[in-house]
1. Residues that are touching a Leu at 6+ places or on another chain (Cβ under 9 Å), within 21 Å of residue A:3 (Cβ to Cβ), surrounded by 15 or more Cβ atoms within 10 Å (Cβ to Cβ) and not β-branched (Val, Ile, Thr): does the stretch B:145-155 have at least one?
2. What is the residue count in the stretch B:51-96 for residues that are outside any helix (DSSP H, G or I) and under 26 Å from residue B:23 (Cβ atoms)?
3. Can you work out which of the residues in the stretch A:7-35 that are more than 7 Å from chain B (Cβ to nearest Cβ) and not in a helix (DSSP H, G or I) is farthest from residue B:28 (Cα to Cα)?
4. How many residues does the stretch A:1-27 contain that are under 21 Å from residue B:138 (Cβ atoms) and β-branched (Val, Ile, Thr)?
5. Do we have any residue at all in the stretch B:165-184 that's closer than 26 Å to residue B:47 by Cβ, modelled with pLDDT of 75 or more and not assigned by TED's automatic domain parsing to the domain that holds residue B:49?
Amino acid sequence: MDDFELHLTHALRRQEAPAGFADRVLLAARARRQRRWGWLAAASLALMILPAGYAYHVHTERQRAEAQLRLALSITSGKLNLAFKHLNAEPEQP
Amino acid sequence: MHPLDLDLPMPLEAAEAAVPLRSFREIVTAHQSLVFSIALHTLRNRALAEEVAQEVFLRLSDRLGGIQSEAHLVNWLRTVTSRLCIDELRSHGRKALSLEAVPEPAAEPHPRDPFLSAHLRHLVGELPPPVRVALVLRYQEDLDPSEIARILQEPLPTIKSRLQRGLQALRDSFKTLGVGHGRL
């Protein structure tokens, strides 16, 4: 190593990290870990909510369909009763 | 228990891997100078160097379990820091300092001359990023070309050529500016 390289070695020697650097790294690492846990919790919640929401949707659709079916049967029953009354009615005397 | 729990030892699997049982804080404290200096000498910007150094340690915190020894740790830190610095320089296309902006040093440089050292650091900052990183690893970390080639994942002849070209460019700049009356 010649003089120039010795100068270069001295110029590029290690420098001290800024004061408090390690503390800032640890805080940032902790914040990153908390963010990850936050995402994980949100994802878990979404995984629980989505099936429950779908089940509720299926349940309400079924109730609506049942109500429509009851109404349709009730209308049909009324019409059939009317037709039955007409068929069993006494013919009018001329 | 997580390795980031301050002042607590690493979990068993990480502790077995990393030979000495150390907390993450101890690892950061022990190696912050290495990481920060590579970033500072390469990027020539203290705030940016700190940002990159912080990112290096954050990445380390995710990979502590995979670190097998102290030598592995140091090698990992040098590798990741060098790559992040090159990426940073490439992505932001940071302009190197112009030679005109560098104050001319006084004659008769002394190895401990702070003015000469500052001048040399400025000149290193003028070099292309891959050459700069190779020089920093060579003269800051005292690595030989084969170790630098391994860290930067480049062929050995490429690294030797970069070191030669970088050194020659620095010597030429010094001659041009008449530093040390051509003694260097």
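The values are calculated or read from the model by the stated rules, or taken from the named source; none is laboratory data. Everything numeric in this text was worked out from a predicted model, so none of it was measured. With ideal geometry, Cβ positions are generated from the backbone for all residues, glycine too; neighbour counts draw on all protein chains shown.
1. Scanning the stretch B:145-155 turns up at least one residue that is touching a Leu at 6+ places or on another chain (Cβ under 9 Å), within 21 Å of residue A:3 (Cβ to Cβ), surrounded by 15 or more Cβ atoms within 10 Å (Cβ to Cβ) and not β-branched (Val, Ile, Thr).
2. 3
3. A:19
4. Total meeting the criteria: 1.
5. First pass over the stretch B:165-184, keeping only residues closer than 26 Å to residue B:47 by Cβ: B:166, B:170.
Checking the rest, the ones that are also modelled with pLDDT of 75 or more come to B:166, B:170.
Those still in the list that are not assigned by TED's automatic domain parsing to the domain that holds residue B:49 too: B:166, B:170.
Yes, the stretch B:165-184 contains a residue that is closer than 26 Å to residue B:47 by Cβ, modelled with pLDDT of 75 or more and not assigned by TED's automatic domain parsing to the domain that holds residue B:49.
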